[in-house]
Amino acid sequence: MSAQNTTTPKPPKIWNILGTLLSVTLIIGILYQLSTNQSLKTLNQFSYQQYLWMMFSVGFYVFAVFCGTIAWHLIFLCHSSKPISLTHDMSIFFFTQINKYLPANIFHYVGRFIYLRNAGYEQSEITVASLHEIATLVGTASLLSIPIVVQNTSRLPLPNFFVLTVILCTGLALIALLVVFSGRFRQKLKQLLIIVQGNPRVLVKVLIVYLINFLSLGIALWFLVFSLDKSARFDPIYFSSVFAGAWTLGLIMPGASAGIGVRETALIVLLSAYLTSEDALLVSIMMRTVSIIGDIVIWGAGFLLMHNYSRKFRY
C-alpha cells in the first residue's frame, strides 16, 4: 500500500473538479439531445419486453468497455516505467470515457493524458501507449470487419456502398497524411514497434481481450435486432463484424463526436444486407441510445472509483 502511495500520486484537486464539471455538462447536453431527437419517438411505442432487450444490450456494452479498460491497462503497463493499480487506471478510463462526445472524437484520450500526467507518468509513455491502444483496436476491428464487408458487397445497395467507400477512403487518406508529414508521429511509431516486439505475450493477451470486447458489442447489437425481429438468428460473430466495421469508420472519420452520424450511417449500410432499411435505421438509433446510457453508467462508476481511490490512499 505504501509503495502505491509513492508511485501513483493523486492528481491535483482542480483536475477532479474541472473533469467532473465537464462530464456533468456533457451528460446534460447528451440527454437534452436525446430528448429532442424526433427519431427516438419510435422508442415510445416499444413494449416492456423490448425495453428489457435494450437493457441487456446496455449490460453487454458496459462489459465491453470494461474489457477495453483491461486491454488499456495491459498496454500501459508495457510502456510505463512505474506501476499503476488496475483500480486507479480503471477510474481514469471510466471517468474520461464520456469526453468522446466532444467534437473531434479525441478528448477521452486527452482527458486520460491529463490525469496520468498529473499522476506523475511521462508524456512519451502515455503518448506511445495511446498509439499502441489505437493501433491494436483498429487492427482488431479491421480484421473482424473485412469479411463482413466483402461478404455483403454484392448485396449492399449501390448508394450505401458508395457512402461507405467514401467515408473509409477519406479517413484512411487523412491518417496517411498524418504519418507522412509528421516526423514526431513516425518517431512514436518506431518506439511502439520496438516495445511491441519485446512483449509478444502482452500483444496476444490484448488481442484476445479486444476480441472479447467486440464479441460483447456484437451481442449487444444482436439484442437490439432481436427486439425487432424474433426470427433473428443468434450470430454474435456476424454482428461483431458489423459493429467492428461501423466502429472503425466512426473512429477514423475526423471531427465526429464519438463517431456520431458516421457510425450510424455505417451500421445502416452494413445491416441493410440483413434487415429492411427502416429496421436498420431503428437499430442504429437504438445502438446510439444504448451506448449513451452505457457511457453514463460507466462515468458514474468512474466517479465512484475516483472518490473511493482518493479515500483509500490518503494524501
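Please treat every number below as a calculation from the coordinates, not as lab data. Predicted, not measured: the structure shown is a model, and the values here were computed from it. We place every Cβ from the backbone using ideal geometry, glycine too, and count neighbours over all the protein chains shown.
What the table below lists for this structure:
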read-out: Ascending count of other beta-carbon atoms within 10 Å, so fewest first, for W222, W299; value: W299, W222
read-out: Label-point gap, in nm, between M55 and E278 - each point 7 angstrom along Cα→Cβ; value: 2.8 nm
read-out: Gain in span if fully extended, F46 to R117, counting 0.36 nm per residue against the direct Cα distance; value: 21.0 nm
read-out: Förster radius 35 Å - calculated FRET efficiency between T25 and L77 (Cβ-Cβ, nearest 0.05); value: 0.60
read-out: Mean separation of Cα contacts under 8 Å (6+ apart) over length of the range 51-118, as relative contact order %; value: 21 percent
read-out: Computed FRET value (nearest 0.05) for K205 with D235, which takes r as the C-beta separation and R₀ as 22 Å; value: 0.25
read-out: Fewest-first ranking of V138, V62, using other Cβ atoms within 10 Å as the exposure measure; value: V138, V62
read-out: Estimated inter-spin distance, S124 and S142, nm [label 7 Å along Cα→Cβ]; value: 2.7 nm
read-out: Hz values of 3J(HN,Hα) by residue in the range 51-61 - Karplus curve (6.51, -1.76, 1.60), Gly and Pro given as x; value: 5, 5, 4, 5, 5, 4, 4, 4, x, 5, 5
